[in-house]
Structure formats: C-alpha cells, structure tokens
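Heads up, the thing below is written out as structure tokens.
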Ligand SMILES: *Cc1c(COP(=O)(O)O)cnc(C)c1O
C-alpha cells in the first residue's frame, strides 16, 4: 500500500513526513480566530490484504504500541430502543478504549507514526480527553508527552494525564489559547504536534470507528450521529466510510448527523449561515465538545454540505 496527503482545500499532494502538517500554500491565508486552512487528508493506493483495518492506515502495524485501542463494542441498548422508538439503534461505545474516549484512535496512529520516525516528544493541546489519551497511549509507546490544557479543564482529566506521566502545562485561557500556545511550542522545540486537525493523522486515526461499525454490522448503517467539537471525529467517520466505498465494500455513505451542544455550536451555525464569522464563546457542560473555533471547521462543513 502507498499513502500520501492531499489538501482538503486545493487538492495539492504531499509526502507523509513528520514536518508536514497543513498545506503550506493554503495556510498562508490563515487568519487568527478561524478554523484551520489547508487541513490535509490521507489517500491510499493499492489493494488491502486480509487485515483491512490496519492495511488502510498509513503506518505499518508493527509500529503501533501494545495497547488495545479500538475494537470497541457496538451495543444494542434494549431500553433506549424501546423508550425512544428506534428499534435498530446501536451505540458505538468508545468509552471502552484504554483511556476512556474516542481520542485514543487518533493518539494510537500518531504514536505509531512517532515510533516509526524515531520521534520521542509529542505535544498536544486539549480540552481534556486528547491530553489523557495521548498521555496514556504515549506511555504505552514510551514517548514523552507534553500537554497544554486550559486551567479550567476538569480536574479528573488532568489527573488522568498526570497519572500516565505526561507533563501538564496549565494555560490561562481557553482551549483555543492552549491550541495556539502548543503550536508555538512544537514549532520551536521540534517535537511532533498531535493537535487535532492540524496533525492530519488525527483525522485518519479516527476513521477506524466507521470501519469497525461496518465490520460489526456486516453492512453500512443508514445514519450515524456524531458528537462534534472541532469536527475531527466527523471528518474521520466520513473518511472511513469513503474509503470503504472506494474499495467497493459499501455502496453508499450513511447519512451523517453532526450533533453539537446549543452553547457550543460553531459548525451548526456555519452550516446555516454559510460562514464561520467571529467566534462565539462556548458554554456547555459537555466539556469535550466545548470549542469556540472548530479547528476542522472548513473541512467538516464541506463534508456536511457535499454529502447532505
Ligand atoms: C473530542 C471529543 C468529541 C468531539 O470530537 P471532535 O473531533 O473535536 O469533533 C466528542 N466527544 C468526546 C467525548 C470527545 O472527547
């Protein structure tokens, strides 16, 4: 199998190397307080073998750390099916991942990539779960993980990252400030950034959930409801289904519903209005999807518009 990056905006193609994050041409137009420009997607060529899930990931299986990420249960919740009137509702339970969230799928691929390229330092900004995740998966991969997290993030999540041995830097400001600070740091220090959407492998790693869903059901579901903060799970889910369609394993994409909290709804607003406009401070108890500037906003919005 061969892999390369393609810009989600201009279509320019790039080799997959540790210093390639966003498309440099499109990133020139980057303004502060708007989603990332020039987010890259991963493209494969070739025919996968029997190990479909790993064969269509851009890092060889031998580099993945020894920690059981993915393969999470697809529950058939009898009571919710009855009470909500959806007899064929399933729940893809990614809390069963080693650190308790979907983020492990992205951290797992980033950790494998770091090992392949003999990189020891990973830097990540987070509202909480990406930090815990990179800390845990990074520990399994024997990596040094440095975290930038708003000082208002839930204590439990900071504790989790500290337990795994990461270095935690509390940022006086929002997640958006932490994101920028961590980028500054990784550019200056030379470590590998695992910032969501900025590192294209975060999107690619998250596609494995879509592939598992199809393998578990034996076919594509009609619809998938995806919680959306930065819009990377959303893009990853679309990517997984698109890969399977390209391989002829499914014939059409499920309808994907992007779900946001009312108090943190930048992508929903942009979907209705057509553009992102000035950021609106987010406020929701759903802290993992509390995002003012959705980093993968442009790409997520394009997927939603193109696929209806
Ligand atoms: C990060 C996260 C999300 C949102 O994912 P994005 O890729 O930022 O859209 C949703 N739920 C949980 C539990 C998360 O940790």
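The values are calculated or read from the model by the stated rules, or taken from the named source; none is laboratory data. Please read all numbers here as calculations on a predicted model, not as lab measurements. Cβ coordinates were reconstructed from backbone atoms using ideal geometry, including for glycine residues, and neighbour counts include every protein chain displayed.
Observations on the structure shown:
- Scope the stretch 270-290; condition more than 15 Å from the ligand (Cβ to nearest atom), in a loop (DSSP other than H, G, I, E, B) and over 17 Å from residue 32 (Cβ atoms); matching residues: 274, 283
- Residue in the stretch 215-260 that is nearest to residue 272 (Cα to Cα), counting only those that are within 16 Å of the ligand (Cβ to nearest atom) and assigned to a loop (DSSP other than H, G, I, E, B): 260
- Single unsatisfied condition, residue 206 versus (1) over 12 Å from the mean Cα position of the chain (by Cα); (2) surrounded by 14 or more Cβ atoms within 10 Å (Cβ to Cβ); (3) within 15 Å of the ligand (Cβ to nearest atom); (4) modelled with pLDDT of 95 or more: (1)
- Residue 250 vs. criteria crowded, with 16+ Cβ neighbours inside 10 Å and either over 16 Å from the mean Cα position of the chain (by Cα) or without any contact (Cβ under 8 Å) to a residue 60 or more places away in the chain (or both): yes
- Residue within the stretch 7-23 that is assigned to a helix (DSSP H, G or I) and closer than 16 Å to residue 199 by Cα present: no
- Residue 32 being under 26 Å from residue 299 (Cα atoms) and over 19 Å from the mean Cα position of the chain (by Cα): yes
- Test: residue in the stretch 262-269 that is within 30 Å of residue 53 (Cβ to Cβ), within 12 Å of the ligand (Cβ to nearest atom) and either under 20 Å from the mean Cα position of the chain (by Cα) or exposed (fewer than 14 other Cβ atoms within 10 Å of the Cβ) (or both): yes
- Residue match in the stretch 56-73 (condition: at negative phi, at pLDDT 95 or above, outside any loop (DSSP other than H, G, I, E, B) and within 16 Å of the ligand (Cβ to nearest atom)): no
- Residue 107 meets the conditions (1) part of a loop (DSSP other than H, G, I, E, B); (2) touching a strand residue (DSSP E or B) at 6+ places or on another chain (Cβ under 9 Å) in every case but one. The failed one is (1).
- Failed criterion for residue 99 (all others in (1) outside any helix (DSSP H, G or I); (2) more than 23 Å from residue 223 (Cβ to Cβ); (3) more than 13 Å from the ligand (Cβ to nearest atom); (4) out of contact with any strand residue (DSSP E or B) (no Cβ under 6 Å at 6 or more places or on another chain) hold): (3)
- Subset tally (residues that are touching a residue at least 40 places away in the same chain (Cβ under 8 Å) and touching a strand residue (DSSP E or B) at 6+ places or on another chain (Cβ under 8 Å)) for the stretch 56-91: 5
- Matching option when the condition is over 17 Å from the mean Cα position of the chain (by Cα), at pLDDT 95 or above and either assigned to a loop (DSSP other than H, G, I, E, B) or exposed (fewer than 15 other Cβ atoms within 10 Å of the Cβ) (or both), among 86, 44: 86
- When residues in the stretch 188-203 are screened for being more than 13 Å from the ligand (Cβ to nearest atom) and more than 20 Å from residue 116 (Cα to Cα), 1 of them pass.
- Residues of the stretch 36-55 that are touching a residue at least 40 places away in the same chain (Cβ under 8 Å) and within 19 Å of residue 187 (Cβ to Cβ): 36, 37, 39, 40.
- Meets criteria (over 25 Å from residue 69 (Cα atoms), within 12 Å of the ligand (Cβ to nearest atom) and not in a helix (DSSP H, G or I)) for residue 293: yes
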